[in-house]
Amino acid sequence: MGNTRGAAAFAVWYLRAVAFVNFLSAVWVSLGQDVRRHNQENLFTPYLLTAGFASGVFTAFLAVTMRRRKRAAWILNLGLSGAFLVLFALAMAFPEIRRHPQNWVSLALTAAFVAALLAGRREFYAKGDRSNPRLAAVVGVGGLLAASLLAALLVTVTNRAAAASTFLERWRYGTLRLVSVAADDYRVPGIAPPTWVDVAVNVMSTVLVLAVLYAAFRSRRAVDPLTEDDEKRLRELLDRHGERDSLGYFALRREKSVCFSPTGKAAVAYRVVGGVSLASGDPLGDPEAWPGAIEPWLAEARAHGWIPAVMGAGEEAGTVYARHGLDALELGDEALVEVAEFTLEGRAMRTVRQACNRVRRAGYTVRVRRHEDIPADEMTYLLRRADDWRDGATERGFSMALGRLGDPADGRCVLLECHDAHGELRALLSFVPWGPHGLSLDLMRRDRDSDNGLMEFMVIELLLGARDLGVTAVSLNFAVFRSVFERGARLGAGPVLRLWRSLLGFFSRWWQIESLYRANAKYRPIWEPRFVLFEKSADLPRIAVAAARAEGFLEAPGLPKWLHRKHLETHR
């Protein structure tokens, strides 16, 4: 096993080294000339090609796909390097080729690379999507057609030749520049575009090649979402073990997929975003059965070349994940309020108490009901108001949001409606069940024209009246990097901690980082740490982007926002 991993690592590092030489040759003129002279006068060294930026991008892309253990990338590399090796072996039969020492170096490097690919073949197991070959063909044909027409258009509008030429001739010229790097003295009668046009066409060809490779090597983008049977089994696990994790109910988001343990006593719910298999919260079910669900989830991620990651795991689950090779990093803290311990009395609660009384004197009232107790016509109205108050077209949330409101299957959820003195609906809060005696905050919406403090008022009303619902604990918002804000504000905090706190405060202008911490701290909650789990530190930036996309803070390119909203309304 160690030999195969070492061989696979050598193959990846070979590609990285060649990519470095390519990039270096692009800026180091004399080195680039030497490499190109070797390729033109003697033989190609695999992947050095023109020893420039385009070759560097191409080789770096292959290195990335090989590091992700893509089987298709292994096949392509073996095919290309194997063909080079055969050519080298045949060419070395000629004395004029054998007498150049650099050719022996090229032969040795090529043979070592091919040997590493063969020895490490079992390490390249990641499957691609079945539609990849068809997609790559469509991208290649369609991209070549579009790029060649664009190249012809560029040549037409910038042509400086005195002689006349037809559009078909200019199209042919642009197409040839796309599929080959023509020499500087390459000329066609009637066609003389500026140098930057030729360079731009060559850049388009590089982009097109990368697009085709990406389409050919991309991981399977998703797996089947929850089925009715999956949801039924998850609800059974929540009925038996739902009190263990306040985020457990959010596993029922229907765009998630699920891996069950062989016994069916545990499950890991996850979603694939940007090549990251992103689980959230703790595994569901019996902790003794958690490893049986974690192992198939990790196996599936590795089989498809996905990066496994967990957002918001508790300490107990983080320990179990760590035994399966994942590292932990503290992400923040969840605010938990014990209803029996909560009180508005005391000096520490003076500000909250005054704000709550001010809203109450303004005539606001709160109504608390289970979703199943709300008539259908009222729920339709509430859904419409909640949609109107949403900030943007994207429905945010993943790890601590259900992503739907008013679904008949969620009848045990609790809805708080806040009305003003005139009986007008001004704000909504929705909580999902946390076991038989707890609630977890799911959704917060309010009219922007309403008075400040409505959300705090509604939370206080829930906490004070929770016993009537049989609720003993309430989970509020999640505070990212809470400990940084708390410790960074203390006397004697070090310069690194103060700098980190200032940086988070800066980003809080766009994302509610510090404000969420302060909004929760006023209830004097119990802070429960939550962790992000990952395999390699180098994967953290990609995991962060995937998490931001899943939570709705980043959007992948696609439809404009106004079309997103129309799409949501059509499918509601």
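Within segment 130-143, if we keep just the residues that are in a helix (DSSP H, G or I) and over 10 Å from residue 212 (Cα atoms), the residue that is most open to solvent (accessible area, probe 1.4 Å) turns out to be 134. Just so you know, in segment 242-266 the residues that are more than 15 Å from residue 404 (Cα to Cα) and under 19 Å from the mean Cα position of the chain (by Cα) include one that is least open to solvent (accessible area, probe 1.4 Å), and it is 257. Does residue 333 satisfy the criteria of being charged (D, E, K, R) and assigned to a loop (DSSP other than H, G, I, E, B)? Judged against the criteria, residue 333 is not a match. Of the residues contained in segment 225-236, one or more are found to be among the hydroxyl-bearing types (Ser, Thr, Tyr), within 16 Å of residue 256 (Cα to Cα) and surrounded by fewer than 16 Cβ atoms within 10 Å (Cβ to Cβ).
Selection of segment 144-173 for residues being of a type in the set (Ser, Thr, Tyr) and surrounded by 14 or more Cβ atoms within 10 Å (Cβ to Cβ) yields 148, 156, 165, 173. Take residue 344 and tell me if it is modelled with pLDDT under 90 and closer than 15 Å to residue 532 by Cα. When the stated conditions are applied, residue 344 does not pass them.
Could you check, for segment 210-228, whether at least one of its residues is under 24 Å from the mean Cα position of the chain (by Cα) and closer than 20 Å to residue 442 by Cα? So far as segment 210-228 goes, yes, one or more of its residues are under 24 Å from the mean Cα position of the chain (by Cα) and closer than 20 Å to residue 442 by Cα. The numbered conditions (1) in contact with a Ser or Thr (Cβ under 9 Å, 6 or more places away or on another chain); (2) touching a residue at least 60 places away in the same chain (Cβ under 8 Å); (3) open to solvent by 30 Å² or more (accessible area, probe 1.4 Å) are all true for residue 308 except (3).
Inspect segment 440-449 for any residue being modelled with pLDDT of 80 or more and of a type in the set (S, T, N, Q) and give the result as yes or no. Checking segment 440-449: at least one residue is modelled with pLDDT of 80 or more and of a type in the set (S, T, N, Q).
The values are calculated or read from the model by the stated rules, or taken from the named source; none is laboratory data. All values derive from a computational prediction rather than experimental measurement. For neighbour counting, all protein chains shown are included, and Cβ atoms are generated from backbone atoms with ideal geometry for every residue, glycine included. Ligands, DNA and RNA are excluded from the accessible area calculation, which covers all protein heavy atoms including side chains. Shrake-Rupley method; radii C 1.70, N 1.55, O 1.52, S 1.80 Å.
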